[in-house]
1. Treat every Asp and Glu Cβ in the protein assembly as shown as -1 and every Lys and Arg Cβ as +1, leave all other atoms uncharged, and give the resulting dipole magnitude about the Cα centre to the nearest 20 debye.
2. Treating only the Cβ atoms of Lys and Arg (+1) and Asp and Glu (-1) as charged, compute the dipole magnitude of chain B about its Cα centre; round to the nearest 20 debye.
3. Cα-based count: Lys pairs in the protein assembly as shown below 16 Å, eight or more positions apart or different chains?
4. For residue A:160, what charge total do you get from the other residues with a beta carbon under 14 Å from its beta carbon, if Lys and Arg give +1 and Asp and Glu give -1?
5. Residue A:108 to residue B:73: FRET efficiency via 1/(1 + (r/R0)^6), r the Cβ-Cβ distance, R0 25 Å, to the nearest 0.05?
6. Between B:97, B:12, B:2, whose Cα lies farthest towards the positive end of the dipole of the stretch B:2-98 when Lys and Arg beta carbons carry +1 and Asp and Glu beta carbons carry -1, centred on the Cα centre?
7. Among A:33, A:11, A:139, which one shows the biggest mean-square fluctuation in a GNM of chain A, springs joining Cα atoms closer than 10 Å?
8. What does the average come to when, for each residue of peptide A:153-161, you count the partner chain Cβ atoms lying within 10 Å of its Cβ?
Amino acid sequence: MNKVLLLAQILTVASAIVVGFHPNILYASVFLLFTFCGVAVMFLYAGADFLAGAQVIIYVGGVTILILFAIMLTQWLYKIKLADIRNKMVLPGVLATIIGAFLYRALHQMVLSLPPQTPEALEKFSTTPKTALIGQALLGSYLLPFEAITILLLGAMVGAVWLARPE
Amino acid sequence: MNQLIQFSSSLQGYLAVGAILFALGIFCVMTRKNAIGILLGIELILNAAGINFVAFSKFRTGLIDGQIVALFIMLIAAAEAAVALAVILRFYRLKQTIDADEASIMRN
């Protein structure tokens, strides 16, 4: 069973590498879709069933399609303009490696400072459906952030429509 | 092979994938000249943060608070993508390019 999780993680990392390095922005955004799918499978194995569904709906169905639309509206397909001209790759690569390694080390320290869960608790957490719990939490202790995010989404929608209006 | 499978389903495996995605996102943001390419990097970074929250929620706290934060991250990423793409379309209409180096109207 866990082989699926390992495969999903390999898929996530491999397609993220393509997103980071492929010179053609169209291929990079298509591979971003595979990254999102891999992350959704990882969520599923971490006991986040609702989040996995939301990930597929919002990212795979929404954000990726939006990005592809923007690429097709702003550039001609397979034109040389699609390629990014990147001559400086050493300094960003070194910086990104340092930041990633530091992040992993810092989170690893945090792992050691928190008490681990028992295997039974992990099993129970993985098998409980989360949709009802998330709904109760959103209308309970997380009511204020929930309302704030609705206003943010409304503002983003109005702002996007206003920005992209015809002349 | 068995060790690799064990590592992948542990908290460290999740954190490793999160850190790799974060580093690749930073790299993507720093190297791309294309405005949409920068947006791709930002999406990778936000996904890495979500993975870390969900992993800690399962393996350490045992509560769903981490998943709710990951849900908020997802919604903010969607709003941010919509606004950013509207800005990019506007910028394209103005300059006929989406090279981020060309966005220098507010310099000087």
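All of the numbers you see were taken from the coordinates with simple rules; none came from a lab. Remember, it's a predicted structure, so these values are computed and weren't measured experimentally. Neighbour counts run over all protein chains shown; Cβ positions are idealised from the backbone, glycine included.
1. Dipole about the Cα centre, nearest 20: 560 debye.
2. 120
3. 7
4. Summing Lys/Arg as +1 and Asp/Glu as -1 gives +1.
5. 0.70
6. Comparing the listed Cα positions along the dipole, B:97 ranks first.
7. A:139
8. Average per residue, whole number: 4.
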